[in-house]
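The values are calculated or read from the model by the stated rules, or taken from the named source; none is laboratory data. On a predicted model such as this, the values are computed, not experimentally measured, just so you know. Note that each Cβ is placed from the backbone with ideal geometry, even for glycine, and that neighbours are counted across all protein chains shown.
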Amino acid sequence: MREVAAELASWLAAGERVAIATVVGIRGSAPRPLGATLIATEAGRIAGSVSNGCVEAAVFEEAVAALRDGRARVIRYGISDELAFTVGLSCGGEIDVLVEPAGALQAAGLERVLADKAVVMARAVAPADRAGTIALLDEDGVRQGPSADVPALAGEAWSALRGGMPYASAVRVSDVDASVFFEVLGRAPSVLILGATHVGVALARLARDLGFRVTVADPRTSLATRERFPSADAILHGWPEAAIASARLGTEAAVVLLSHDPKFDRPGLVAALRSDAGYIGAIGSRRTNEERMGWLRAEGFSDDELRRVHAPIGLDIGARTAEETALAILGEIVAERRGRPGTSLSARAPAALARP
Amino acid sequence: MSPNGETGDAAFFARAAAHASRREPFATATVVRAERPTSAKPGAKAIVTRDGALYGWIGGSCAAPTVVREALVALADGEPRLISLASGPQSPREGVRHFAMTCHSGGMLEIYIEPVLPAEMLVVVGRAPVARALVTLGAALGRHVVVAEPGATREEFADAAAVVASVADAHPDERAAIVIATRGEYDEDAVREALATKAGYVALVASRTRAGVLVEALAGAGVPRDALARLKYPAGLDIGARSEEEIALSILAEIVQLRPRGAAADAPETAVDPICEMTVAITADALRADHEGRTYYFCAAGCLRTFLRDPAAALAGQA
């Protein structure tokens, strides 16, 4: 829903009735991920996509039907090889799409998204007569919706929120075994760059292209300029502690220390380790890092806490230029969030095909 | 004077800019230290092209042949180097290559030689969202991005350096990477075409299953297995990428990691000047003389003249 939040907000504000279609199940390979959203009005306005054009026309018809009869529905679409070929999609997949009229609960979810608050939408997928969004839970623990007080549902929603990943689960709701899709609408991922260095310039640009909110902080006003960081969402002229304190860092946030200077590094690392940031990385050689770790241990941080610090920073891809270093850092931030190793995908190709 | 008549910093920078704009590799040679007597002073600089031509002044015939040879080696291996030329014995220093200056002028020169290679090419096939993200991020990474897609326009791919109709039209070299992100349209042809080039990295954006089917189809159609083994699939590093931009990031990270290598010039063939015993690169404009069915190469006109005066005596070491 995040990807169509702006359109949804403006259409609802204009008093239009809007249907929301969400990908709630995938078998095989599908063109769009779980949680992909399309919104449509009876008048024919459409935003977002559930299949990159493959089944959009059929979904639009269901959206209009849902707006007319006021009922939610789940439709399964097979993306046949033939169809996939004609529209240029990866073949062989099957997707389940929940189509429902937007109501108060959707508006409440949208409100959280626009306020950059993490929220989970619990969307019942089966049985068919119970389909539709039945609860939401936000990062402050606020619950809303007809099934918000079902303890099992709240528990699942909470773990989806913590894990940051959408998933489906069987939950007993009102004496019925329901299949529920938990859609996680996290806060936009962000990068706080401490140190307006030349790697920082490259990182700010690439991170923005990847959809991160980018904040650059450096007390040296001659370095942290709009000219050097044209795409940054915010530029702060302050010390690391102040920048971290004002940034409200959650697990979706990455803190990257690029200064090469203990004067900035040390207070920055201490503040980052005391925050909830999901990723902390610090530039520097192995030796610099050993000194750093020794110092942080002396400050009272445990080895478990220090394991949060990625240093030397970035995936080990042999980066040489500032841009390549920035790429290595972003690769590590994504890999860390998804719990992946960052090794080559093709290395796992079947032996029979990999053989020369 | 330079053998090619160009001296001065303005000519040096103009030539460097001209080669760079044509994506031609070249090497710069800069005198960083001199012990008199030498004819070149610190700051003197020259450009060596991949065919071994030298433009500028970094010392006369005592130094130039060695500089040309080392510049060609630098273009071949891609590494900068610091060389020291002296007529007397030199005590070895780490990171410095020592060469004899055989023309007895008595001085010493230290020359920094740096290969200047064009940005690596990234060829993107397709116009799917992943292809678009590869173009944007590849350009931000400093790659020379070429979109190979029939019917594509510059307007459609504003970040691309060039838009061509096919992979072959991009002329990828060994340092190039080709990523096929067509989402199933004509990707068999694109893979076949990409594998026929010298590109050091060829990858297909597809699920393991679909890529496997495609590879088997190509093998069945007669594409050799060892050619198909070059194809990377699924493309990229395992970072759990979900969005198109993240997929592009994972692929670019893999390209950086594998860093396809390729020589910007062939390492030069060399010969020993029979008069001064200097090793000279055999380039198109190298000084040469034929004698009794053999070709001899010379560092400079002086040695050549000495040889031609009495080749037999010269070869007997009595010149």
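Here A:Val18 passes the criteria (1) buried (at least 21 other Cβ atoms within 10 Å of the Cβ); (2) of a type in the set (Val, Ile, Thr); (3) under 29 Å from B:Thr182 (Cα atoms); (4) in contact with a Phe, Trp or Tyr (Cβ under 9 Å, 6 or more places away or on another chain) except the one numbered (3). Selection of region B:237-284 for residues being touching a strand residue (DSSP E or B) at 6+ places or on another chain (Cβ under 8 Å), farther than 26 Å from B:Val130 by Cβ and polar (S, T, N, Q) yields B:Thr270, B:Thr279.
Of all the numbered requirements in (1) surrounded by fewer than 16 Cβ atoms within 10 Å (Cβ to Cβ); (2) more than 24 Å from the chain's Cα centre (by Cα), A:Asp265 misses one, and that requirement is (1). Restricting region B:271-287 to residues that are of a type in the set (Val, Ile, Thr) and surrounded by fewer than 17 Cβ atoms within 10 Å (Cβ to Cβ) leaves a set whose member that is farthest from the other protein chains (Cβ to nearest Cβ) is B:Val272. Filtered by the rule that a residue be in contact with a Leu (Cβ under 9 Å, 6 or more places away or on another chain) and either in contact (Cβ under 8 Å) with a residue 60 or more places away in the chain or within 14 Å of another protein chain (Cβ to nearest Cβ) (or both), region A:214-233 gives a lone residue, A:Val214.
Across region B:215-255, the number of residues qualifying as outside any loop (DSSP other than H, G, I, E, B), within 7 Å of another protein chain (Cβ to nearest Cβ) and free of Cβ contacts under 8 Å to residues at least 40 places away in the same chain comes to 8.
Restricting attention to region B:46-72, the residues that are β-branched (Val, Ile, Thr), farther than 8 Å from B:Ala29 by Cβ and modelled with pLDDT under 90 total 1. If the condition is being crowded, with 21+ Cβ neighbours inside 10 Å and of a type in the set (Phe, Trp, Tyr), then region A:156-191 contributes A:Phe181, A:Phe182.
The number of residues in region B:191-209 being within 14 Å of chain A (Cβ to nearest Cβ) and crowded, with 23+ Cβ neighbours inside 10 Å comes to 7. For region A:114-121, the criterion of being within 30 Å of A:Arg220 (Cα to Cα), touching a Lys or Arg at 6+ places or on another chain (Cβ under 9 Å), at pLDDT below 90 and not hydroxyl-bearing (Ser, Thr, Tyr) is met by at least one residue. Cβ-Cβ distances below 8 Å connect the following pairs, each with a first residue in region B:166-187 that is over 25 Å from B:Gln257 (Cα atoms) and more than 14 Å from chain A (Cβ to nearest Cβ), a second residue that is in a strand (DSSP E or B) and at pLDDT 90 or above, and a separation of six or more residues or different chains: B:Ser166/B:Ala148; B:Asp169/B:Ala148.
Conditions (1) assigned to a strand (DSSP E or B); (2) modelled with pLDDT of 90 or more; (3) among the aliphatic types (A, V, I, L, M), marked per residue:
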{"residue": "A:Leu136", "(1), (2), (3)": "yes, yes, yes"}
{"residue": "A:Gly141", "(1), (2), (3)": "no, no, no"}
{"residue": "A:Ala154", "(1), (2), (3)": "no, no, yes"}
{"residue": "A:Trp158", "(1), (2), (3)": "no, no, no"}
{"residue": "A:Arg162", "(1), (2), (3)": "no, no, no"}
{"residue": "A:Ser169", "(1), (2), (3)": "yes, no, no"}
{"residue": "A:Arg172", "(1), (2), (3)": "yes, no, no"}
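When each of A:Leu153, A:Leu203, A:Leu236 is tested for being touching a residue at least 40 places away in the same chain (Cβ under 8 Å) and surrounded by 14 or more Cβ atoms within 10 Å (Cβ to Cβ), the lone residue that passes is A:Leu203. Would you check if B:Leu82 is modelled with pLDDT of 90 or more and surrounded by fewer than 23 Cβ atoms within 10 Å (Cβ to Cβ)? Answer is yes for this residue.
Per-residue answers, yes or no, for (1) of a type in the set (Gly, Ala, Ser); (2) farther than 19 Å from B:Met278 by Cα:
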site: B:Ser21; (1), (2): yes, yes
site: B:Ala34; (1), (2): yes, yes
site: B:Thr49; (1), (2): no, yes
site: B:Ala53; (1), (2): yes, no
site: B:Ile58; (1), (2): no, no
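Per the conditions (1) over 19 Å from the mean Cα position of the chain (by Cα); (2) under 24 Å from B:Asp77 (Cα atoms); (3) within 11 Å of another protein chain (Cβ to nearest Cβ); (4) surrounded by fewer than 23 Cβ atoms within 10 Å (Cβ to Cβ), the sole criterion not satisfied by B:Arg127 is (2). The one condition from (1) modelled with pLDDT of 95 or more; (2) buried (at least 21 other Cβ atoms within 10 Å of the Cβ) that A:Pro101 does not meet is (2). Being touching a Pro at 6+ places or on another chain (Cβ under 7 Å) and of a type in the set (S, T, N, Q) holds for only one residue in A:Ser302, A:Ser346, and it is A:Ser346. Note on region A:298-320: among residues that are in contact (Cβ under 8 Å) with a residue 12 or more places away in the chain and at the interface with chain B (Cβ under 7 Å from one of its Cβ atoms), the one that is surrounded by the most Cβ atoms within 10 Å (Cβ to Cβ) is A:Leu315. Considering only region A:34-47, I want to know if a residue exists there that is modelled with pLDDT under 95, within 14 Å of another protein chain (Cβ to nearest Cβ) and under 22 Å from B:Thr209 (Cα atoms). Checked region A:34-47: at least one residue is modelled with pLDDT under 95, within 14 Å of another protein chain (Cβ to nearest Cβ) and under 22 Å from B:Thr209 (Cα atoms). Within region B:142-187, being at pLDDT 95 or above, among the β-branched types (Val, Ile, Thr) and surrounded by fewer than 19 Cβ atoms within 10 Å (Cβ to Cβ) holds for one residue alone: B:Val164.
Just to be sure before I move on: is A:Glu3 within 14 Å of chain B (Cβ to nearest Cβ), in a helix (DSSP H, G or I) and surrounded by fewer than 23 Cβ atoms within 10 Å (Cβ to Cβ) in the structure I sent? Spelling it out, A:Glu3 is indeed within 14 Å of chain B (Cβ to nearest Cβ), in a helix (DSSP H, G or I) and surrounded by fewer than 23 Cβ atoms within 10 Å (Cβ to Cβ).
Here region A:6-49 is the region considered, the condition is being part of a loop (DSSP other than H, G, I, E, B) and of a type in the set (A, V, I, L, M, F, W, C), and the residue that is farthest from A:Gly70 (Cα to Cα) is A:Ala30.
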